[in-house]
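Written out below as structure tokens is the structure these notes cover.
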Amino acid sequence: MKKTLLFAATALAMLASCSQSDDLNNAPVVAETNQAVEFGTYVGKTPVTRAGTTGSITDDGANGTHTLKSVGFGVFGFYTDGTAYAANQTSTKPNFMHNEHIYWNESGTGVSKWEYNPIKFWPNEFANGNVDDQDQAATGAAQHGLVSFFAYAPYVSSASGSTGITAMSDKTLQANPTITYTMAKNGDIVDLLWGTAGTNGVTATGSAQAGTTLSDATEVKRDGTTHYVVNADLNKMKTEGKVEFLFKHALAKVGGSQVGASPKNGLSVILDVNRVGSAEKGEDKPTETKVTIKDITIECTRMDIKKEYIYPEPGVDETGKILNRGVLDLATGKWKYTSSDYADPEPGVNTYKHIIAAEGSTSLWSTKDAEINASLAEPTTAQIASTWSNIPDGVLSSTATNVYKDETNPLVFFPGTKPTLKFNITYVVRTQDSKLDGGWSEVQQNITKTVTFGEYVKLNNQYNILMHLGITGVKFTATVSDWEIDGTDTDGDGIANATEVNLPINVQ
């Protein structure tokens, strides 16, 4: 369902070489020096969220976002010899790499590459443990030299609140590596990425290395059908091979925008003119009417948490909470939450709040998370003081329009939660009329609507929102009523309360 864009990543310099041909049979032999472990990456084109401290992580840096090259990523490596890496293992610590910083070295000479220090090498004991100088593939019955790699981005040297990553598993911990993520209360949302298996290099024997899934019967399937494949149980690769990560967005995004070759509008708006119910066809917007948006505020007032995500023992669904923190397992992609991670909503305190404003919306302009699309935005005072043509056409009745000019801080949620969102929108309806002072009528309206989300959100998924603005034309009708008689016939002459005039009066 989601498309990916290949990330241009070249190999690290090879530190392995081949010796002179053997004197006896002229067959090639394997050098005694091990081969360096190399990395490649690409980022799934799914939700665009925040990265580092102020930007989104994508491959191409479109729309002002950060690339993975600019923020780097961290890797945890586990060497398990001939034993396959087990989901939820408690016997091996990260003995090969612990939060290794993989960074992009832009040399400017066409040899740019991913680098890290110190360089690590593949175990040569990748088959039966006896490397055969006469057999470059070194085939054997038993499999050894297994190494598993798990990654996250953006890289942090130590956990801190500035990147949303507030803790990570220790180098001495015999368990899956984990990252603790805390939602920023100031709205500066950080895009947390999780590394799944990409297109890895083949083994020295020529076998494909697609990675494996690390799950068991108790694990929740993140996309409802299958688990993601990770870079577990990899062997020594051929000299051009790389451990490649396909980074998934570890959070779920509601609304927002999505960049790429075919951008999708995560938050759109359309105008319903005289529309009654979803089954009725709306009318086209009159050409002399323009509807522009000053600001939109989206707040999460509460959320429910699916019981399978609650740790250590799943119980019943939690309802009506606000979830501020969670722990992501980098081996399985499973989020887990404890009772200390969620709390009852606090009036006036809202971690999940998203403001999209136009420049003319002075009250919210300084605190906005994103700017409104220029074709929809309420114009500035200078524009309004000019001419009708300088006011944008605004919201259309025929086509849903992307709300954003450039998304900055989106609205994201932890997987396994179901939010209740309160929408508040301020918009202005103008109708051109030369008979009015100023040349048009102008009515501002502020509408609030609360909606409970339809499902528990999932990792790496974006959920679209289409807002309907309804306007109803003012219509007139008229009829002429019969004359009404005031009073009743009190004297029995058949006329109700008539004022009697005698011309002349009769005298007895």
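If I filter the stretch 217-238 for residues that are basic (K, R), more than 29 Å from Q462 (Cβ to Cβ), open to solvent by less than 50 Å² (accessible area, probe 1.4 Å) and at pLDDT 85 or above, do I get at least one hit? Explain how you work it out, then say what you get.
As a first pass, look at the stretch 217-238 and keep what is basic (K, R): 221-222, 236, 238.
Filter once more, so that each one left must be more than 29 Å from Q462 (Cβ to Cβ): 236, 238.
If we keep only those that are open to solvent by less than 50 Å² (accessible area, probe 1.4 Å) too, we end up with 236.
Remaining after also requiring at pLDDT 85 or above: 236.
The answer is yes, given that some residue of the stretch 217-238 is basic (K, R), more than 29 Å from Q462 (Cβ to Cβ), open to solvent by less than 50 Å² (accessible area, probe 1.4 Å) and at pLDDT 85 or above.
Can you find even one residue in the stretch 150-167 that is surrounded by fewer than 15 Cβ atoms within 10 Å (Cβ to Cβ) and not small (G, A, S)?
Pass one, the stretch 150-167, residues surrounded by fewer than 15 Cβ atoms within 10 Å (Cβ to Cβ): 157-158, 160-162.
Next, only the ones that are not small (G, A, S) stay: none.
Among the residues of the stretch 150-167, not one is surrounded by fewer than 15 Cβ atoms within 10 Å (Cβ to Cβ) and not small (G, A, S), which makes the answer no.
If V327 passes every condition in (1) open to solvent by 20 Å² or more (accessible area, probe 1.4 Å); (2) at pLDDT below 95 but one, which one does it miss?
(2)
Out of the residues in the stretch 398-425 that are in a loop (DSSP other than H, G, I, E, B) and open to solvent by 30 Å² or more (accessible area, probe 1.4 Å), which is farthest from L271 (Cα to Cα)?
As a first pass, look at the stretch 398-425 and keep what is in a loop (DSSP other than H, G, I, E, B): 398-400, 403, 407-410, 414-416.
Next, only the ones that are open to solvent by 30 Å² or more (accessible area, probe 1.4 Å) stay: 398-400, 408.
On the way: S398: 8, T399: 8, A400: 8, T408: 25 Å.
Taking the candidates together, the pick is T408.
For a quick check of your reading: which strands (runs of 3 or more DSSP E) sit entirely within the stretch 309-368 and have at least 1 residues that are without any contact (Cβ under 8 Å) to a residue 40 or more places away in the chain and among the small types (G, A, S)?
Numbers: elements: 318-323, 325-329, 353-357.
Answer list for the stretch 309-368: 318-323.
How many residues, within the stretch 364-382, are open to solvent by 40 Å² or more (accessible area, probe 1.4 Å) and of a type in the set (G, A, S)?
Summing the residues that are open to solvent by 40 Å² or more (accessible area, probe 1.4 Å) and of a type in the set (G, A, S) in the stretch 364-382 gives 4.
Looking only at the stretch 81-119, filter to residues that are part of a loop (DSSP other than H, G, I, E, B), at pLDDT 85 or above and over 22 Å from W194 (Cα atoms); which one of those is least open to solvent (accessible area, probe 1.4 Å)?
Looking at the filtered set, the residue picked out is G82.
The values are calculated or read from the model by the stated rules, or taken from the named source; none is laboratory data. Quick caveat, the model's predicted, so the values are computed rather than measured. Ideal geometry is used to build each Cβ from the backbone, glycine not excepted, and the neighbour counts take in all protein chains shown. Quick note on the areas: whole protein, heavy atoms, side chains included, nothing else; ligands and nucleic acids left out. Shrake-Rupley method; radii C 1.70, N 1.55, O 1.52, S 1.80 Å.
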